[in-house]
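Notes follow the structure.
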Amino acid sequence: MKTLTLSASVLALGTVLAASALAVTTPPTQGPAQNGSPAWHLQQGVPDPLGRGIVDDQGRVTVPPRAANAAGGRRGPTVGNGFGSSHSTICTRVGGPNRQDTWRVVWSQTMGYTFSYPFHVPPGMGGNPGVAVDSKGNVWVLQRKPEGQAQLFKFDKDARLIVTVGPDVIPYQKKAHGMKVDRDDNVWITDTTGATLLEISSDGKLLKTIGVRDKRGDWDEAKGQHLLWQPTDVAFGPNGDLYIGEGHANESPNDTDSDDAANVLGTSRVLHFDKNGSFINQWFGDDVGQGKFDEIHGMAVDPKSGDVWLADREQYRIVIYNADGKFLRTLQLRNLICAIAFDKKGQPWITSGQDGQVLKIDRNGKVLGAIGGGMGIEPGQFIEAAFFDFDSQGNIYVGDTSIGRVAKISPPKK
């Protein structure tokens, strides 16, 4: 009898412990608003149209069937070339789930912003990864298009197209990526695959090329070797200093065993120059620990401190350094960090890439508010909320890497 009682007790205890373990290990699928952050829920991703959407005047998207090539029945060309994660030593997605099957944290929209789509970018294949606003309220748009077509456009504050920068001015941007406007209203664009950073004047003339087209590699000032390795974005310090972020992690090539002596580091890095273009220093990531980063998908400089904020997207974190490259701290978030920008009041915001939102955060990484309905093609959603900027009225302009539309997001009227 004692044996039976003991066995029953052990069985009951085991059942309780198993239930407790299950309760502890089952992750929540939603959470309430608390500590100044809005409520959140998990939302599954959707298929990525890869730049093939047709956008109407209201921002509605139609995705046509994918055409097959006449030879071999293979899929038609895509816009924006990457190396593929199988070639990277630090890829975080080898063997992982497809992005469209990933469950994502989506925050409740409580800020009262409204969406509109007044910009009519040239129709056809290609998304809009880059958007930037100049001092006059003009909006620059960088688009991924097939070779031979214009990729850079400038609209006035009323969304009228006023400048088109064609392939006769700038070479084909194989993987058009980050974009910024400097204090002189010149626009800077990165070509991650083409390994260049271009400076273009306010009227659409090419002023400067940093890097050598189609030759990625290491910057070695002592040797006079001025190559870029997967430039992804740029940022400017309050004193005019230039920072170039390099390395796309899950799309980075493995160059650590390269036979090219000019390209052997194979790691994400920041290059730092003064306002006159003189090289100051560089610092490196290539890891996931404190003070490291394996990607710089976007970057920005804090206007209040001069600190450099790096969007380590695949690690869901922001890594912060001072102006000279000394590590300060890491902000761990629950979302992808595609791009970072500070508004006109100096407050930080991010876009969450294929999590499909624009998020206002504090300097500790806490989400204070959210805009956007998550990953999707409907108005008010993003397939990939990409680079963005603010105008003087507080409107936010956001590109979508996989859809040829630019969202104008307006704050509520006071």
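Evaluated against (1) among the acidic types (Asp, Glu); (2) out of contact with any Asp or Glu (no Cβ under 6 Å at 6 or more places or on another chain); (3) in a loop (DSSP other than H, G, I, E, B), Asp185 falls short on exactly one condition, (2). Checked against the criterion of being more than 18 Å from Ile200 (Cα to Cα) and more than 22 Å from the chain's Cα centre (by Cα), the stretch 128-145 has no qualifying residue. Hey, any hits in the stretch 306-324 for a residue that's polar (S, T, N, Q), in contact with a strand residue (DSSP E or B) (Cβ under 9 Å, 6 or more places away or on another chain) and modelled with pLDDT of 95 or more? Within the stretch 306-324, one or more residues are polar (S, T, N, Q), in contact with a strand residue (DSSP E or B) (Cβ under 9 Å, 6 or more places away or on another chain) and modelled with pLDDT of 95 or more. Looking across the stretch 223-259, the residues that are of a type in the set (D, E, K, R), modelled with pLDDT under 95 and assigned to a loop (DSSP other than H, G, I, E, B) come down to Asp255, Asp257, Asp259. For the stretch 315-372, a residue qualifies if it is part of a loop (DSSP other than H, G, I, E, B), at positive phi and surrounded by 22 or more Cβ atoms within 10 Å (Cβ to Cβ), and the qualifying residues are Gly356, Gly372. Determine whether Arg269 is within 21 Å of Tyr321 (Cβ to Cβ), surrounded by 17 or more Cβ atoms within 10 Å (Cβ to Cβ) and not hydrophobic (A, V, I, L, M, F, W, C). Taking the combined requirement at face value, the residue satisfies it. If the condition is being aliphatic (A, V, I, L, M) and closer than 18 Å to Ala39 by Cα, then the stretch 351-388 contributes Val358, Leu359, Ile361, Val367, Leu368, Ala370, Ile371, Met375. Taking the stated definitions as given, is Leu310 under 21 Å from the mean Cα position of the chain (by Cα), under 23 Å from Lys175 (Cβ atoms) and of a type in the set (A, V, I, L, M)? Spelling it out, Leu310 is indeed under 21 Å from the mean Cα position of the chain (by Cα), under 23 Å from Lys175 (Cβ atoms) and of a type in the set (A, V, I, L, M).
The values are calculated or read from the model by the stated rules, or taken from the named source; none is laboratory data. Since the structure is predicted, the reported quantities are computational estimates derived from the model, not experimental observations. All Cβ positions, glycine included, derive from the backbone under ideal geometry; neighbour counts span all protein chains shown.
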